[in-house]
Structures are given as C-alpha cells and as structure tokens.
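Everything on this sheet refers to the single structure shown next.
The values are calculated or read from the model by the stated rules, or taken from the named source; none is laboratory data. Since this is a predicted model, take the numbers as computed values, not measurements. Because the Cβ atoms are built from the backbone with ideal geometry, glycine has one as well, and the counts that use them run over all protein chains shown.
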Amino acid sequence: AATTAAPKLKVLCLHGYSQNGAVLRDRSGGFRKPFKKSRFELSYPDGLFGCTKDGEDEQEADADLERRAWWRGHAGQATYVGWDESHASLCELWEREQFDGIIGFSQGAAAAAML
C-alpha cells in the first residue's frame, strides 16, 4: 500500500526592524538546519514599510539591503504608524496561506504576539 506523506506544517517567520525576510532566512541558518528534512515549511515575508537603522539617515542607508519594518516610530514621539496596515496584511496572509505556527525576531516577535 502506498503511503501518503503528511502535509507540511507551515510556519510564518517575521523579521526584526531594519531587516527583511531574506536577511532573517539567511541569518537563521542554524535554526533552519534541523527543519530541512522535517514536515515544516518556513515562510519569510517582508515588512510593508521601508526604514533605516537607528541613527542612520536615508543617504547613509545600506544600498545593498532593503531595510523593512512592520511599523515605524519617530524619534521623540510616543506614537507608531503602520501597524494597522501590517496587521491587516499579515492577517490576510495568515488566512490565505493557512499557517500552522508563527515565530518572530525582535519587532517581528512583537508583531507575532499582537496577531
């Protein structure tokens, strides 16, 4: 009798502030290694908003790295912008892709907790 492989478990992986999905994927190689032959499929979307590293202006931003964020704040202000849009986008992605789990790093961990 032929056996059917169990479906993969899909995990949404959210990057931190001023990273992107590709950077998190590359930097999490040690974490991902045990999953290569497992039932897990890891997905690394990009945050909706461009940003710079703390203390960096737009001209100093690394041209080789598209820095992204799930929301942005402004120095000296206690308000953040963009979470509503990111929340809606991530909820739509979650429903469409039918993820089984979520992990996040830094700002991505906060986003994961708020979902």
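Is there any pair linking a residue in segment 5-19 that is closer than 20 Å to R96 by Cα to one that is part of a loop (DSSP other than H, G, I, E, B) and of a type in the set (G, A, S), with Cβ under 7 Å and at least six apart or on different chains, and which? From segment 5-19, the pairs are H15/G47. Residues in segment 72-106 that are part of a loop (DSSP other than H, G, I, E, B), at pLDDT below 95 and not small (G, A, S): H74, Q77, T79. If you go through segment 1-15 and keep only what is over 8 Å from the mean Cα position of the chain (by Cα), modelled with pLDDT of 95 or more and not β-branched (V, I, T), you end up with just K10. Residues in segment 26-47 that are buried (at least 17 other Cβ atoms within 10 Å of the Cβ) and modelled with pLDDT of 95 or more were compared, and the one that is nearest to R72 (Cα to Cα) is G47. When segment 1-21 is limited to residues that are out of contact with any Leu (no Cβ under 9 Å at 6 or more places or on another chain) and of a type in the set (A, V, I, L, M, F, W, C), the one that is surrounded by the most Cβ atoms within 10 Å (Cβ to Cβ) turns out to be L9.
Here E41 fulfils each of the conditions (1) of a type outside the set (A, V, I, L, M, F, W, C); (2) assigned to a helix (DSSP H, G or I); (3) touching a residue at least 12 places away in the same chain (Cβ under 8 Å) apart from (2). Against the conditions (1) among the hydroxyl-bearing types (S, T, Y); (2) at pLDDT 90 or above; (3) closer than 18 Å to A113 by Cα, S18 satisfies every one except (3).
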